[in-house]
Ligand code: PMV
């Protein structure tokens with residue numbers, strides 16, 4: 001299969017002989033309508049479109065610089081990684097798309113402001129920041145759309161982390177993936193808020209990549225997912241455009257629960273939600289019956305994220321005192 005992205009980078013890299021130190025930031029993102037299932041694993045092409053909200057100051061800051069030695073160095077959250085670390089292997093495999101066998105040893109430093117591996121999409125901000133930093137270090141003049149196409153190769157959801165605010169990742173039709181990238185919805189909704197209920201911030205035990213493939217291959221419920229989530233994605237985009245939280249909230253929660261239902265039906269069953277996650281959901285549903293206007297979404301980990309409008313913030317914090325509130329449009 002032709003790989004549009006490799007061709008794009010290799011022509012941009014044709015004249016490059018050295019790297020310069022460059023630092024870039026990318027926000028993490030939470031999908032409101034989920035990406036779950038790949039139609040092409042090698043190119044990270046999704047089976048359906050998805051929509052996310054970026055998390056402002058929660059994200060990754062990455063510096064790419066020439067290595068002071070002949071070998072690559074990768075530091076993650078203040079620690080230099082051993083050569084066999086999974087993070088190092090994934091990072092260097094991604095860097096190789098740019099270097100393509102050329103002798104350009106690099107020092108790569110990444111700091112996350114999001115707990116790593118906790119289902120808070122830190123790989124999304126990580127690969128988006130790495131893409132920006134590599135483009136800067138090699139002085140490649142690529143726009144956000146091109147960078148989104150590249151970041152998608154590291155982690156699908158990274159295609160949505162090149163922008164702040166609401167971002168849609170279109171499923172695309174081309175076999176080479178050239179039309180499967182993020183698009184900023186350019187819609188501001190300052191009252192729109194998120195809260196993270198950290199159930200467990202330790203590293204996750206099952207990657208989203210393996211969970212997704214296992215679900216596609218074995219879950220009899222998966223057949224319904226691509227068309228249904230495409231409808232949800234369009235519905236949620238319209239609800240955002242019209243600032244209709246009454247439509248958005250229930251559909252965000254329904255989409256996430258449907259994704260988890262496809263996993264639960266996988267054989268053997270796949271569970272990312274823990275008993276504590278379910279307890280938080282029960283608490284939310286009880287509070288909602290009493291009038292709280294907040295809805296939940298969950299990814300490939302046990303943490304719960306709430307969506308609500310600014311006016312509900314103090315009520316959300318009363319019910320979930322340890323929640324981290326994020327104002328996606330309100331940071332400097
Ligand atoms: O980008 P990945 O391969 O980590 O997959 C992300 C999958 C979900 O977080 C569950 C959904 C999404 O759209 O972000």
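The values are calculated or read from the model by the stated rules, or taken from the named source; none is laboratory data. Remember, predicted model here, so these are calculated numbers, not experimental data. All Cβ positions, glycine included, derive from the backbone under ideal geometry; neighbour counts span all protein chains shown.
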Report task. Output the residue which, of all residues in the stretch 84-98 that are touching a strand residue (DSSP E or B) at 6+ places or on another chain (Cβ under 9 Å) and modelled with pLDDT under 95, is nearest to residue 28 (Cα to Cα). Result -> 87
Query - Failed condition for residue 213, given (1) crowded, with 21+ Cβ neighbours inside 10 Å; (2) assigned to a helix (DSSP H, G or I) - result: (1)
Query - Odd one out for residue 331, checked against (1) modelled with pLDDT under 95; (2) touching a helix residue (DSSP H, G or I) at 6+ places or on another chain (Cβ under 9 Å) - result: (2)
Query raised in the report: Looking at the stretch 6-17, which of its residues are assigned to a loop (DSSP other than H, G, I, E, B) and either within 16 Å of the ligand (Cβ to nearest atom) or in contact with a helix residue (DSSP H, G or I) (Cβ under 9 Å, 6 or more places away or on another chain) (or both)?
Result: 13, 16
Report summary line: Within the stretch 161-199, the count of residues that are within 17 Å of residue 135 (Cα to Cα) and within 13 Å of the ligand (Cβ to nearest atom) comes to 1
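Okay, residues lined up against (1) within 14 Å of the ligand (Cβ to nearest atom); (2) under 16 Å from the mean Cα position of the chain (by Cα); (3) closer than 18 Å to residue 211 by Cα:
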| site | (1), (2), (3) |
| --- | --- |
| 23 | no, no, no |
| 27 | yes, yes, no |
| 34 | yes, yes, yes |
| 52 | yes, yes, no |
| 68 | no, no, no |
| 71 | no, no, no |
| 93 | no, no, no |
| 106 | no, no, no |
| 113 | no, yes, no |
Query - Residue under evaluation residue 237, criteria (1) within 18 Å of residue 298 (Cα to Cα); (2) in contact with a strand residue (DSSP E or B) (Cβ under 7 Å, 6 or more places away or on another chain), criterion not met - result: (1)
Report task. Please specify each residue of the stretch 243-264 satisfying the condition of being more than 21 Å from the chain's Cα centre (by Cα) and over 28 Å from residue 190 (Cα atoms). Result -> 264
Requested in this report: Go through the residues of the stretch 56-65 one by one and say whether even a single one is away from the ligand (no atom under 13 Å from the Cβ), free of Cβ contacts under 8 Å to residues at least 60 places away in the same chain and surrounded by fewer than 19 Cβ atoms within 10 Å (Cβ to Cβ).
Outcome: no
Requested in this report: Return only the number of the condition from (1) farther than 25 Å from residue 65 by Cβ; (2) in contact with a helix residue (DSSP H, G or I) (Cβ under 9 Å, 6 or more places away or on another chain); (3) within 15 Å of the ligand (Cβ to nearest atom); (4) not in a loop (DSSP other than H, G, I, E, B) that residue 149 does not satisfy.
Outcome: (1)
Query raised in the report: Quick one: would you say residue 258 is more than 25 Å from residue 59 (Cβ to Cβ) and more than 14 Å from the ligand (Cβ to nearest atom)?
Result: no
Query raised in the report: Has the stretch 221-241 got any residue that is at pLDDT 95 or above, within 13 Å of the ligand (Cβ to nearest atom) and surrounded by fewer than 16 Cβ atoms within 10 Å (Cβ to Cβ)?
Result: no
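The rows are residues; the columns are (1) touching a helix residue (DSSP H, G or I) at 6+ places or on another chain (Cβ under 9 Å); (2) part of a loop (DSSP other than H, G, I, E, B).
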| residue | (1), (2) |
| --- | --- |
| 178 | yes, yes |
| 186 | no, yes |
| 205 | no, yes |
| 234 | no, no |
| 239 | yes, no |
Query - Condition met for residue 121 (touching a strand residue (DSSP E or B) at 6+ places or on another chain (Cβ under 7 Å) and at pLDDT 95 or above) - result: no
